[in-house]
1. Hey, how many Å between the Cα centroid of segment A:239-308 and the Cα centroid of segment B:49-79?
2. Pairs of alpha-carbon atoms within less than 8 angstrom and 6+ residues apart define the contacts here; what relative contact order does chain B have, in percent?
3. If you take every residue apart from A:Pro102 with its C-beta less than 15 Å away from the C-beta of A:Pro102, what net charge results, scoring Lys and Arg +1 and Asp and Glu -1?
4. Normalised by the residues of chain A, what does the relative contact order come to in percent, with Cα pairs under 8 Å and at least six apart?
5. Test of understanding: what is the full-extension gain from B:Asp40 to B:Asn191, defined as 0.36 nm times their sequence separation minus their Cα-Cα distance?
6. Two decimals, Cα atoms only, Kirkwood Rh: what is Rg/Rh over chain B?
7. How long are the three semi-axes of the equivalent ellipsoid for chain A, computed from the Cα gyration tensor as the root of 5 times each eigenvalue, in whole Å, largest first?
8. Among DSSP beta bridges whose residues both lie in the protein assembly as shown, state the antiparallel percentage, nearest 5.
Amino acid sequence: MDQNQHSLTVREKLSKIDLSGLKKYTVVFILFVLMVLFSFASPYFLTWRNLTNIITQNTYFIIVAIGLSFVMIGGGIDLSVGYQMSLVGVVTAMLMMVFHLPVWLAFLIGILLGTTLGLINGLIVTSIKIFPLIATLATATVFQGISYMISKANTFRGYPEEFLFLTKAKVIGIPFDVFLALIIAILVSLVYTETVFGFRLLALGGNEEASRLAGINTRRMKIAIYTICGFFTAIATMVMISKANTTNSSFGPGTEFIALTAAIVGGVSFMGGEGSIQSLIAGVLLLAVLGNGMQLAGWGTYAQFIVRGLILLGAVAFDQFQRNAKSMTRVKQ
Amino acid sequence: MNTEYIVEMKGISKSFGGVQALRSVDLELRRGEIMGMVGDNGAGKSTLMKILSGAYQADEGEILIDGQKATIHNPQDAFNLGIGMIYQDLALFNNLDVARNIFIGRELVRGPFNLFMDKKRMYKKAEEVIRDLRVDIKSPKLNVARMSGGQRQMVACARAIAFQSKVLIMDEPTAALGVTEANKLLGLIRNLKEMGLSILLITQRIPDILSIADRVFVLKGGQRQDILDVNQCCLDDVVTMIVKGKDRNGMQTPEVEYQSFG
């Protein structure tokens with residue numbers, strides 16, 4: 001009996017070790033270490049101007065990563081976000097610059113288009129039951145082709161003032177796009193932690209078959225998350241082209257890699273069922289600080305790609321290790 | 001309402017591709033009884049139960065719940081009729097805690113449009129269910145990934161009874177458990193019966209059934225063989241029925257085989 005009692009307490013102790021919490025702090029800790037490192041390496045790094053630059057240059061990455069996190073937590077992946085941006089960007093720009101539509105209408109059509117692209121991804125992933133990795137790789141190529149066909153490889157620049165409002169205006173002293181990203185982050189964080197949808201999303205990513213057996217309409221949920229991803233990607237596109245005040249079909253591709261890396265570094269599990277907005281943002285900022293710091297410190301712009309790749313590897317390895325550790329403790333019992 | 005049977009399945013047939021898994025099977029489950037479901041591998045036990053729980057749909061046949069004709073197209077339909085199933089692979093979520101595993105798919109909600117989860121009520125209710133079951137799960141906030149096989153079964157049971165299911169289907173609940181844990185679970189199943197549930201228990205362990213069930217339903221080759229009363233049969237009767245079937249048709253074949261092997 002005594003022995004039984006003892007084994008129970010050991011089991012309790014094991015259950016209290018929460019590695020996901022550790023992971024959350026790891027990102028913030030590494031971010032902090034990097035910032036200290038770079039502030040020694042370059043006198044320009046730790047200036048107000050540079051730090052605000054890092055944030056304003058990355059708002060659209062944050063918004064894309066948040067959109068992507070819906071898909072990833074649900075156990076899927078969307079490699080096409082960068083190409084959705086390319087297509088939505090040129091269409092919105094052309095509506096304003098070539099067809100001279102009112103800004104609000106062009107904006108609305110752009111958002112609707114992005115949402116539809118996400119919906120298409122969702123429909124394809126759920127109806128042809130293939131890996132979302134392959135499905136969205138295919139749609140990515142299609143989106144890029146359409147983008148170039150529509151833009152005829154032209155660049156569209158010099159948008160109306162109303163459109164530049166997105167990045168030039170300020171709300172209580174903060175640039176509008178930073179404010180927008182902040183609002184989105186808070187709302188989505190609330191969705192993840194407080195709503196039935198957020199709860200079911202974790203369940204879907206954790207065990208799809210069990211979700212179905214629990215009476216959840218998994219197909220509808222999967223379509224929904226790709227659509228939501230498309231919606232946020234479209235919003236991010238507006239921020240991106242407004243900030244650059246120019247766009248062509250090459251604007252966007254590549255974003256998916258940074259958003260994906262940031263999400264995984266920020267603790268969104270590649271296998272689904274896990275993730276939080278706070279660490280996701282820390283993940284985006286970590287990559288941003290890395291790029292910015294290495295450039296300022298004169299360690300070369302290109303080396304940052306290597307470091308980024310290594311960080312992605314490290315984060316995935318950590319994710320895998322954590323999973324194994326979880327199942328190991330169960331086996332031992 | 002006051003029919004003798006809580007569940008009646010009539011003429012259920014199901015095939016997967018060219019394989020006929022069930023041939024016109026009838027089943028009657030009495031109110032408040034534990035019925036064992038036995039049969040060889042591939043006899044169709046799980047398929048029959050999955051039809052009742054809405055995971056599969058029958059090609060033919062009808063289901064009556066409380067004497068009323070019922071249509072079960074999906075797990076949600078079955079749930080609404082008060083039928084809960086605990087799957088062999090448990091269908092738990094390793095990334096979620098006990099309370100969330102219990103309430104997934106039927107969350108307690110609050111706020112506008114029922115958008116938000118009532119976490120407070122969920123954790124409180126989960127704690128009550130665990131206490132009612134008298135199982136050794138310390139807190140509804142524990143993650144199920146770090147639990148033992150027995151505890152995981154308890155979570156699955158808690159999930160089924162938290163919503164006043166009338167009928168509980170259990171697919172080989174003791175299969176992966178050690179002796180102590182299996183016995184604990186059998187005790188729990190008896191408790192569930194006392195709480196008024198009617199239970200369908202699929203298992204390969206016939207002694208388990210003889211110790212807690214009221215009747216045994218025997219399937220062979222997708223056909224119903226018989227329903228035996230536990231008080232009027234022994235282990236051998238059940239095993240014979242499983243292997244040879246009702247008409248003892250299997251009798252000749254094995255004898256021929258024995259002869260050919262000398």
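Laboratory data are not the source of any read-out in this text; all were calculated from the coordinates shown. These figures come from a predicted structure and were not determined experimentally. Cβ: placed from backbone, ideal geometry, glycine included. Neighbour counts: every protein chain shown.
1. Cα centroid to Cα centroid, the span is 50 Å.
2. 24 percent
3. Spelling it out: positives minus negatives among the neighbours equals -2.
4. Dividing the mean separation by the residue count of chain A yields 33 percent.
5. Gain on extension, B:Asp40 to B:Asn191, equals 51.6 nm.
6. Here Rg/Rh amounts to 1.01.
7. Semi-axes (√(5λ), whole Å): 36, 26, 17.
8. That works out to approximately 65 percent antiparallel.
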